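Novice: Have a look at the structure that comes next, please.
The values are calculated or read from the model by the stated rules, or taken from the named source; none is laboratory data. Every value quoted in this text rests on a predicted model; they were computed, and no experiment measured them. Counting neighbours? That spans all protein chains shown, and the Cβs are built from the backbone with ideal geometry, glycine included. SASA here: full protein model, heavy atoms, side chains in, ligands and nucleic acids out. Shrake-Rupley method; radii C 1.70, N 1.55, O 1.52, S 1.80 Å.
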Amino acid sequence: MERSVRFISMSSLLLLLLVGLPVALAGHDYGQALSKSILFFEAQRSGFLPHNQRVTWRADSGLHDGKTSGVDLVGGYYDAGDNVKFGLPMAFTITMMSWSIIEYGKQIAAGGELGHAMDAVKWGTDYLIKAHPEPDVLYGEVGDGNSDHYCWQRPEDMTTDRRAYKIDPSNPGSDLAGETAAAMAAASVVFRHSNPAYSNKLITHAQQLFDFADKYRGKYDSSINVAQKYYRSVSGYNDELLWAAAWLYQATNNQYYLNYLGNNGDSLGGTGWGMTEFGWDVKYAGVQTLVAKFLMQGKAGRYAPVFERYQQKAEYFMCSCIGKGTRNIQKTPGGLIFRQRWNNMQFVTSASFLATVYSDYLASAGKSVNCASGNVSPSELLSFAKSQVDYLLGDNPRATSYMVGYGNNFPRQVHHRASSIVSIKVDNSFVSCRGGYATWFSSKSSDPNVLVGAVVGGPDAYDNFADQRDNYEQTEPATYNNAPLFGLLARLSGGHSGYNQLLPVIPAAPKSVVTQPSPASQPKTTPASSSVPIAIEQKLTSSWNDKGKTYYRYSTIVTNKSAKTLKYLNLSVSKLYGPLWGLTKSGDSYAFPSWLNSLPAGKSLEFVYIHSASPADVSVSSYTLA
């Protein structure tokens, strides 16, 4: 569980990627770490556990949450090593899990983890839907940190107060409502193709919550006072209002939210705050990174000057991470970002995620960052992020992995009630409130249940670490440590490989049986000619069987082989029997996507489609060069 931190001075599903060079990444088993990092969320589940629960030492818990308030609040996640459900960090966790999938869903799928990752998001959003029973009412906490910390019990044995706390027009919480709106909007993108009805439901909730947050302004911890000791909103709510607007624009493409970002960027601090941190409280660097992406996509329109100021602040953050800025982030002698002693690793994973996605945005646009101490290339940003992950996984002065269950030398006495007490399935004897401290908390033995995938708080400013259960600053894990990490691990595991990791994700494939397809085993290429200087190459990228029918996913690369800019393009796509993403339908043909109005010489765009047949016939109907 986090305590409040001091606030100091002062990121797409359909982003076009101009195809770049592959990046080779080696060393740690990032795929294994990815799987473990997602598994951790199953250990944090509250409520009725599903039949496919993989963390089998956990059982049902919190089954009466919300009952005294007349609302069903069963489900969701425990934030860390305790048994309280805190709304602000839970929503941020869901936003960052969703962002991980939006950017790196293909790599997650390649590792066989997309289904698990999406399940992790939905476990959270199902709860958030319950917590939002009316447009202007949101439940932001179940349980009380003070009474919970007085006890050391398994979630299955809880005897602590499970009171529910809410915000409403009389007791507002723009930061909590804004972050929850961001989580719902980001998650709607994740489920857009696999579960459109659910996605639309999330959008409705997100829009209502944003309106609530914007209309009734106030800090949530002034309304839910019991949260102040643990998740105090030090930065206020301006950053969450911008954060929510950015995610709603990402999810809906509604001009209203773009206008909001453009008209309020200055007054709400989006263009003013130069940050050196990003996390559950302070969202500015995340907002600035997302808006910089919109700018690079060509979506800014008349707000380009404002969005450029957002981008300047995004790059201020990137420069500070690399150590080439005017105010750089502190690092330990071993090279780890260091922000604070209490759960420092949360800042490591979140900053590394931002650096990674921004690296990919820059590579897509063919740009670099101009820092005070020199230019920073996209590859340099990615190398920085990789160095942080490698440190976390064991490349550090102590040779300690700060992910439980990864490597041989990892924390064995985690500050976590459920993992430190024998499973109720092994011994169902009741563990009392204080008895848990006497028997289990004070034990010097290793945890009876290994909390696989949990990322603990980590070392101090000098790379020192004490693996002791009572050392909560260093040995307690948190959901928001892992949420940005699994996207980052997917990126490092999958590499770039010349494909667009920002294209839509098709969630059915990883859950199905992959078959060896007969059609289109070789790329289908339409070469550029002297009359049509546009090359089209199609590749079969995956296949799966669903209910006896085989489906194929095709990636199509369109390359401008001329020496001029392609200003207009009209493609004919025939023999297509399924959905297509990455182009705009125009009558019976297809044109550039809405965010792209030209294709420079030598550059490429990519679109994908899925159907149960051989490749569609794709050809150029008309084009204009300038």
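Novice: Cβ-Cβ under 6 Å, sequence separation 6+ or interchain: first residue in the range 610-621 and farther than 9 Å from Tyr554 by Cβ, partner open to solvent by 40 Å² or more (accessible area, probe 1.4 Å) and among the basic types (Lys, Arg). Which pairs?
Specialist: Taking only residues 6 or more apart or on different chains, the pairs are Ser612/Lys549; Asp617/Lys575.
Novice: As an exercise: evaluate Thr479 against (1) in contact with a Gly (Cβ under 8 Å, 6 or more places away or on another chain); (2) open to solvent by less than 30 Å² (accessible area, probe 1.4 Å) and give the number of the one condition it does not meet.
Specialist: (1)
Novice: Going by what's in this entry, would Ala110 be described as under 23 Å from Leu489 (Cα atoms), aliphatic (A, V, I, L, M) and under 15 Å from the mean Cα position of the chain (by Cα)?
Specialist: When the stated conditions are applied, Ala110 does not pass them.
Novice: Could you list all residues from the range 363-405 that are of a type in the set (D, E, K, R) and assigned to a loop (DSSP other than H, G, I, E, B)?
Specialist: If the condition is that a residue be of a type in the set (D, E, K, R) and assigned to a loop (DSSP other than H, G, I, E, B), then Lys367, Asp395, Arg398 are the ones that fit.
Novice: Does Asn343 count as crowded, with 24+ Cβ neighbours inside 10 Å and either among the polar types (S, T, N, Q) or more than 30 Å from Asp463 (Cα to Cα) (or both)?
Specialist: Yes; evaluated as a whole, the condition is true for this residue.
Novice: Can you pull out every residue in the range 447-467 that is closer than 15 Å to Trp152 by Cβ and either under 28 Å from the mean Cα position of the chain (by Cα) or surrounded by fewer than 15 Cβ atoms within 10 Å (Cβ to Cβ) (or both)?
Specialist: Asn449
Novice: Condition (residue is within 30 Å of Lys564 (Cβ to Cβ), over 27 Å from the mean Cα position of the chain (by Cα), open to solvent by less than 50 Å² (accessible area, probe 1.4 Å) and at pLDDT 50 or above) applied to the range 512-533: is it met by at least one residue?
Specialist: The answer is yes; a qualifying residue exists.
Novice: Please identify the pairs in which a residue from the range 271-295 that is on the phi < 0 side of the Ramachandran plot and polar (S, T, N, Q) has its Cβ atom under 6 Å from the Cβ atom of a residue that is in a loop (DSSP other than H, G, I, E, B) and open to solvent by 10 Å² or more (accessible area, probe 1.4 Å), counting only partners at least 6 apart or on another chain.
Specialist: Between residues of the range 271-295 that are on the phi < 0 side of the Ramachandran plot and polar (S, T, N, Q) and residues that are in a loop (DSSP other than H, G, I, E, B) and open to solvent by 10 Å² or more (accessible area, probe 1.4 Å), the close pairs are Thr276/Ile329.
Novice: Restricting to the range 414-446, name every residue that is assigned to a loop (DSSP other than H, G, I, E, B), surrounded by fewer than 21 Cβ atoms within 10 Å (Cβ to Cβ) and not hydrophobic (A, V, I, L, M, F, W, C).
Specialist: Within the range 414-446, Ser423, Lys425, Asp427, Asn428, Ser429, Ser432, Arg434, Ser442, Ser443, Lys444, Ser445, Ser446 meet the criteria.
Novice: Ok, one more. Which of the following residues is farther than 19 Å from Gly31 by Cα and out of contact with any Gly (no Cβ under 8 Å at 6 or more places or on another chain): Thr125, Thr93?
Specialist: Thr125
Residues are listed down the side, and each one gets a yes or a no for (1) touching a strand residue (DSSP E or B) at 6+ places or on another chain (Cβ under 6 Å); (2) under 24 Å from Asn597 (Cβ atoms); (3) not in a helix (DSSP H, G or I):
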site	(1), (2), (3)
Gly274	no, no, yes
Glu277	no, no, yes
Trp280	no, no, yes
Arg302	no, yes, no
Glu308	no, yes, no
Tyr316	no, no, no
Cys319	yes, no, no
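Novice: How about the range 128-151: which of its residues are farther than 16 Å from Ile167 by Cα and part of a helix (DSSP H, G or I)?
Specialist: Hits for the range 128-151 are Gly145, Asn146, Ser147, Asp148, His149, Tyr150.
Novice: While we're here: Please determine whether any residue of the range 321-331 is open to solvent by 10 Å² or more (accessible area, probe 1.4 Å) and closer than 21 Å to Gly394 by Cβ.
Specialist: yes
Novice: Can you report the number of residues in the range 178-198 which are polar (S, T, N, Q), part of a helix (DSSP H, G or I) and open to solvent by 10 Å² or more (accessible area, probe 1.4 Å)?
Specialist: Result for the range 178-198: 0.
Novice: Could you grab me the full set of residues in the range 53-85 that are among the basic types (Lys, Arg) and either touching a His at 6+ places or on another chain (Cβ under 9 Å) or in a loop (DSSP other than H, G, I, E, B) (or both)?
Specialist: Arg54, Arg58
Novice: Among Tyr165, Tyr150, Tyr127, which is the only one that is out of contact with any Ser or Thr (no Cβ under 6 Å at 6 or more places or on another chain), buried (at least 24 other Cβ atoms within 10 Å of the Cβ) and not aliphatic (A, V, I, L, M)?
Specialist: The unique qualifying residue is Tyr127.
Novice: Taking the options Tyr568, Tyr554, Tyr590, name whichever one is assigned to a strand (DSSP E or B), within 32 Å of the chain's Cα centre (by Cα) and closer than 25 Å to Phe294 by Cβ.
Specialist: Tyr590
Novice: Mind listing whichever residues of the range 543-588 are among the hydroxyl-bearing types (Ser, Thr, Tyr) and surrounded by fewer than 18 Cβ atoms within 10 Å (Cβ to Cβ)?
Specialist: Hits for the range 543-588 are Ser562, Thr565, Tyr568, Ser572, Ser574, Tyr577, Thr584, Ser586.
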